[in-house]
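What follows draws every value from the coordinates through simple rules; no lab data is involved. Keep in mind that what you see is a predicted model, and the values were worked out from it rather than measured. When we count neighbours, we look across all protein chains shown, and the Cβ atoms used for this are built from the backbone with ideal geometry, even at glycine.
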Amino acid sequence: MTAYIMTGTREEWLAARLDLLRDEKDLTRRSDQLALRRQELPGVRVDKEYRFETDEGNASLVDLFQGRSQLLVYHFMFGPDYTAGCVSCSAVADSFNGVVVHLANHDVTLSAMSRAPLAKLQAYKQRMGWTFPWASSREGDFNFDFNVSFTEEQQCEGRIDYNYRHGGHAMDMTPVPEPVAHLAARSGTDAPTYSRDRPSLSTFVLENGVVYHTYSTYARGVDGLWGMYQWLDRAPLGRNETGVWFRRHNEYGQG
């Protein structure tokens, strides 16, 4: 993970920094425009009756809002046959504890969602020291309907549509890329089983007792949720990575 930086005078640095600042400001304005376009997407009414298992018991989709008008669902890769949550999703979720209270006081509920049984999710939460809401969708179609989980039959027949396209994702490649195999092993399963669940963010709004689906993003669309990467993108050497270097936060120093 070694890289080298160019060197220069303070005057050269300032000229380059001011040039970069113009592009950063353009990116910020563009990001604001994209955020507005997300908010302008039409809401699609959700009429299907979904049920989930939560710490509070059996719940409906409306219940997950916890009395608020907006719901953000992070589809956390933790399939029924995993022995531990996905390492990548775990890195994303490390920021949730600090964020969830602010969102809750701004009329927004943030909840993770996985197909693993609730008992597995609760045990993993305890292991990781997390307290944010995490629901199990194990018994229903929710993950399948929102294109974040797939059956073994779909996988074998090459009928996986993820991130608004057919195939092309690393998890669909043959032979299996090494990072996918590595992450699967770290979750206690094989690559095909691991790849039947995918990361995503789905958002919903509740109006007059009716739930509307407003937005979903997949793959690198959730990049902005990785707190560590936002910091690394501003570090002198950037992400500076080859392969999967990160671990669960309680696994560093274990050899």
Compute the FRET efficiency between residue 68 and residue 145 as 1/(1 + (r/R0)^6), taking r as their Cβ-Cβ distance and R0 = 22 Å, and round to the nearest 0.05.
-> 0.45
³J(HN,Hα) computed for each position of the range 79-93 - Karplus, 6.51 cos²θ - 1.76 cosθ + 1.60, integer Hz, glycine/proline x | x, x, 9, 6, 9, 7, x, 3, 5, 5, 4, 5, 5, 5, 6
Unit charges at the beta carbon, dipole of the chain: most positive-side option, 208, 87, 193 = 87
With residue 24 itself left out, Lys, Arg at +1 and Asp, Glu at -1 over residues whose Cβ is under 11 Å from its Cβ give +3
Listed by chain and number, the residues whose amide H is under 5 Å from that of residue 135, excluding neighbours fewer than 5 places away on the same chain and using placed H, are 112, 113, 114
Can you work out ³J(HN,Hα) from phi for every residue in the range 201-211, in order, using Karplus 6.51 cos²θ - 1.76 cosθ + 1.60 and θ = phi - 60°, giving whole Hz and x for Gly and Pro?
-> 10, 10, 10, 9, 10, 10, 10, 6, x, 10, 8
Given the peptides 83-95, 26-38, arrange them by the average over their residues of other C-beta atoms within 10 Å, most packed first.
-> 83-95, 26-38
Only Cα pairs under 8 Å and at least 6 apart count here; give the relative contact order of the range 1-133 as a rounded whole percent.
-> 22 percent
Between the range 1-51 and the range 118-136, the Cα center-to-center distance that results, in Å = 32 Å
Cysteines without a disulfide-compatible partner in the chain, using Cβ under 4.7 Å as the rule?
-> 156
Of 165-171, 248-254, ordering from highest average Cβ density within 10 Å down gives 165-171, 248-254
The helix 118-128 Cα axis meets the longest alpha-carbon principal axis of the chain at an angle in degrees, between 0 and 90 and rounded to 10, of 30 degrees
Note on the chain: contact order normalised by length, alpha-carbon pairs under 8 Å, 6 or more apart, percent, works out to 26 percent
In this structure, the FRET efficiency calculated for residue 251 and residue 21 from their beta-carbon separation, with R0 = 45 Å, to the nearest 0.05, is 0.70
Quickly estimate the mean residue ellipticity at 222 nm for the chain, helices only: each DSSP H run with n ≥ 4 gives -39500 (n - 2.57), and the total goes over all residues, rounded to 500.
-> -10000 deg cm²/dmol
